[in-house]
Amino acid sequence: MTCPAVVTEPPYALSAPAAPDAPPLDTSLTVDVALVGAGFSGTIAALDLARRGLSVALIEAGEIGQGGSGRNHGQCIPVFGYLDQNTLPRHGFNLLRDSGRLVFDQIAALGIDCEPVQNGWLNAAHDAAGLVRARAAHAKYAALGKSGAFLGPDEVTALSGIPGYLGGWLHRDGGHLNPLAYVRGLAQAAQTAGVTIHTRTPLSGLRRAPDGTWLLTTPQGSITARKVGLATNAYGTAAIPARMRASIVPMTSYGVASEPLSPAQRAAVLPSGVNFSDTRRDPMFFRVDAAGRIITGGLVELRRGRVAAPTFAAAGQRLTARYPVLQGLQWGHHWTGTVGISAKQRPAIFELDDGLWGLLGYCGRGVPTSAVLGRAFAATLVDPADGARLWPADSPAIIPAARAIGLAVQTLRGPLNKLRDGLSF
């Protein structure tokens, strides 16, 4: 296995359309709503607010999608442990249930050029215990109309190209896309709807004025707004209220992308175009992008995910065990990002002060959940009671030693799960 020069950014920019022009803010603005963070949630919320007739300014410290939205694995997997009718409002439950469909329907409606593929997410059972877990998950989502019959071994092989699995199931609404192109397309749609977007505009100050409005200061400008929405997730800077930043456990994730597959390799790997994962505790998940690259990843450990060469070797070993045709596969991209885990391990909307709201904690499901939470956040900023019909508002939960917890979990989780799986790779 060879390792060419490593690119420390995802390959998404190689094929993504250019970002819309959004120069740094260098003046003073007055708007109904100011949003901070031009990722999936910020752009979706901005678009929804503009469609409701509000004036909106959206600022981003870096470039559009520079944080987790442009650094994830590009998978839309609408499967959630918190999809629970007993804890979520009925409308929010229904939106979350249909979140995969929401993503791809919006892409189609807006004409976003982001390499969307909605052929489903395949979960394959690797052993008897995994088969039990897969059947239980299938029963839940089949009852919601999101899956057909449970798949037998031959059907899993036909979809994945991998023999030996005991069965599995397909979530029909799953798929994959170029996440950087997706968020740039959302930003373009928001601009078209009337949103003012300024990149390279970090928030440097936030205070409430005597008249009840909020003043956001930036290095070269300022924004006065009736309402403020903070959608920075795990990328919040010191200007974001500390009690919001301290309400998540940050973890470092990594992604790797291979060089484009040969025609023979491409024909063998996920021939149906699905996203794939199996039921191992140390999960193997991957997809193939429009250029024929395999994209996979996980949480950074002591070496895997932290150092390129052993990370490439581990990914290649696992993939070659499933697809011998991949022997000698080369890797070109290795990047990292930050994942935010909330106290309740579900996305959280916080009221931090009168007219000041925060949104964070996607727990590794940013593509489908942002389609729901961006809308819920916009509704909350207009009318908290209306927003509560979509998603419950939580109080910020200060998590002591959050960074230490995140480091311990991401370092130990993989090795412990490999021991649980009884695997050597």
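Before we move on, is Gly297 over 30 Å from Leu381 (Cβ atoms) and either under 23 Å from the mean Cα position of the chain (by Cα) or in a loop (DSSP other than H, G, I, E, B) (or both)? Criteria met by Gly297.
Contact annotation: residue pairs with Cβ atoms under 6 Å, 6 or more positions apart or on different chains, pairing a residue in the stretch 178-199 that is under 24 Å from Thr224 (Cα atoms) with a partner that is of a type in the set (D, E, K, R) and surrounded by 24 or more Cβ atoms within 10 Å (Cβ to Cβ), are Thr199/Glu60. When Arg71, Arg52 are screened for being over 22 Å from Ser204 (Cβ atoms), under 16 Å from the mean Cα position of the chain (by Cα) and among the basic types (Lys, Arg), only Arg71 passes. Against the definition (within 30 Å of Gly422 (Cβ to Cβ), loosely packed, with under 15 Cβ neighbours inside 10 Å, in contact with a helix residue (DSSP H, G or I) (Cβ under 9 Å, 6 or more places away or on another chain) and not aliphatic (A, V, I, L, M)), how does Gly152 come out, yes or no? Spelling it out, it is not the case that Gly152 is within 30 Å of Gly422 (Cβ to Cβ), loosely packed, with under 15 Cβ neighbours inside 10 Å, in contact with a helix residue (DSSP H, G or I) (Cβ under 9 Å, 6 or more places away or on another chain) and not aliphatic (A, V, I, L, M).
The single condition among (1) modelled with pLDDT of 95 or more; (2) surrounded by fewer than 17 Cβ atoms within 10 Å (Cβ to Cβ); (3) within 29 Å of Lys344 (Cα to Cα); (4) hydrophobic (A, V, I, L, M, F, W, C) that Ala264 does not satisfy is (3).
No other residue among Ile399, Ile405 is modelled with pLDDT under 95 and outside any helix (DSSP H, G or I) apart from Ile399. Against the test of being at pLDDT 95 or above, over 23 Å from the mean Cα position of the chain (by Cα) and not small (Gly, Ala, Ser), the options Thr232, Thr217 yield a single qualifying residue, Thr217. For Thr237, the requirement of being touching a residue at least 40 places away in the same chain (Cβ under 8 Å), surrounded by fewer than 24 Cβ atoms within 10 Å (Cβ to Cβ) and among the β-branched types (Val, Ile, Thr) is met. In the stretch 207-238, the qualifying residues are those that are among the polar types (S, T, N, Q) and assigned to a loop (DSSP other than H, G, I, E, B), and the one that is nearest to Ala348 (Cα to Cα) is Thr232. Looking only at residues of the stretch 305-315 that are part of a loop (DSSP other than H, G, I, E, B) and either of a type in the set (Val, Ile, Thr) or crowded, with 18+ Cβ neighbours inside 10 Å (or both), we find that the one that is farthest from the chain's Cα centre (by Cα) is Val307.
Please indicate, with yes or no, whether at least one residue in the stretch 113-130 is closer than 30 Å to Asp386 by Cα, buried (at least 24 other Cβ atoms within 10 Å of the Cβ) and of a type in the set (A, V, I, L, M, F, W, C). Within the stretch 113-130, not a single residue is closer than 30 Å to Asp386 by Cα, buried (at least 24 other Cβ atoms within 10 Å of the Cβ) and of a type in the set (A, V, I, L, M, F, W, C).
When the stretch 321-347 is filtered for residues that are more than 20 Å from Asn417 (Cβ to Cβ) and in a strand (DSSP E or B), the ones remaining, listed by number, are Trp331, Gly332, His333, His334, Trp335, Gly337, Thr338, Gly340, Ser342. Scanning the stretch 181-206 for residues that are hydroxyl-bearing (Ser, Thr, Tyr) and not in a strand (DSSP E or B) gives Tyr182, Thr192, Thr199, Thr201, Ser204. For the stretch 265-294, give me each residue that is of a type in the set (A, V, I, L, M) and either touching a Cys at 6+ places or on another chain (Cβ under 7 Å) or not in a strand (DSSP E or B) (or both). Selection gives Ala267, Ala268, Val269, Leu270, Val274, Met284, Ala290, Ala291. In the stretch 370-381, the residues that are closer than 18 Å to Asn72 by Cα and surrounded by fewer than 24 Cβ atoms within 10 Å (Cβ to Cβ) never reach a residue that is among the aromatic types (Phe, Trp, Tyr) and at pLDDT below 95 with C-beta atoms less than 8 angstrom apart, at least six apart or across chains. A single entry from Arg413, Arg318, Arg375 fulfils the requirement of being assigned by TED's automatic domain parsing to the domain that holds Ala34, assigned to a helix (DSSP H, G or I) and among the charged types (D, E, K, R): Arg375. For the stretch 131-149, a residue qualifies if it is surrounded by 22 or more Cβ atoms within 10 Å (Cβ to Cβ) and free of Cβ contacts under 8 Å to residues at least 60 places away in the same chain, and the qualifying residues are His138, Ser147.
Quick grid of which residues meet (1) farther than 22 Å from Asp26 by Cβ; (2) out of contact with any strand residue (DSSP E or B) (no Cβ under 7 Å at 6 or more places or on another chain):
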{"residue": "Gly185", "(1), (2)": "yes, yes"}
{"residue": "Thr192", "(1), (2)": "yes, yes"}
{"residue": "Arg200", "(1), (2)": "no, yes"}
{"residue": "Leu206", "(1), (2)": "no, no"}
{"residue": "Asp211", "(1), (2)": "yes, yes"}
{"residue": "Leu215", "(1), (2)": "no, no"}
{"residue": "Arg245", "(1), (2)": "yes, yes"}
{"residue": "Ser277", "(1), (2)": "yes, no"}
{"residue": "Phe285", "(1), (2)": "yes, no"}
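The values are calculated or read from the model by the stated rules, or taken from the named source; none is laboratory data. The shown structure was predicted, so the numbers you read here are calculated from the model rather than taken from an experiment. Reconstructed Cβ throughout: ideal geometry from the backbone, glycine too, with neighbour counts over all protein chains shown.
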